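Worksheet: the structure to be examined is printed underneath.
Every number here is computed from the coordinates shown, using simple stated rules; none is lab data. Being a predicted model, the structure only gives us computed values, none of them experimental. Neighbour counts are summed over all protein chains in view; Cβ atoms, including those assigned to glycine, are modelled from backbone coordinates with ideal geometry.
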Amino acid sequence: MLIFFLSITFFPLKAQTGYSLRGRVVDTENESLIGATVYLHENKKGTITALNGVFTIDNLKKGKYHLHVSFLGYHGYSQTVSLPQKKSLEITLEIAVSELHEVVIEGNPLKEDLKESVVLFETISKNFIQKNTGHTLMNSLSQLP
């Protein structure tokens, strides 16, 4: 009975020994960034921000951590934090602007094996065109093998 009483008394104390890191991730206009990645390098723990941009990482030990925050289309953010942390973090990410000057899309059906191509095409030789001339385009195309 004494062991049962002691286990009930000390079990909650053990569960409460971890620290939590809390914060909010926003953009430069103070809009919440939903789904931003928040990662602690030392213990490889991480999470993503909720609908209001808030994150929490629980069960951390006292000490210093390197915090990394990233979100697609924004510059990454890094900071060293010490636990226990008395206040919630407010992290602002800046938009990463990149401008494309030119996009070139090239394709050459002769570079791939014709048998493996998913596009159907027919190669027509000059001799075939000369031998099978028709009065109309449709007539000429109907002569193709």
>> Please give the charge dipole size of segment 26-73, origin at the Cα centre, charges +1 on K and R Cβ atoms and -1 on D and E Cβ atoms. Round to the nearest 20 debye.
In response: 440 debye
> How would you classify segment 18-67 from its alpha-carbon gyration tensor, with a ≥ b ≥ c the square roots of the eigenvalues: rounded for a/c under 1.5, else prolate if a/b is greater than b/c, otherwise oblate?
Replying inline: prolate
> Mean shadow of segment 23-99, computed from the convex hull of its alpha carbons, in nm²?
Replying inline: 5.2 nm²
> How many nm is it between the label spots at Q85 and K45, if each spot is 7 Å from the Cα in line with the beta carbon?
Replying inline: 1.1 nm
> If each residue's Cβ is checked for other Cβ atoms within 10 Å, how do V54, V97, V69 rank with the fewest at the top?
Replying inline: V97, V54, V69
> With a 10 Å Cβ neighbour count serving as the proxy for reagent exposure, in which order, fewest first, do D58, D27 appear?
Replying inline: D58, D27
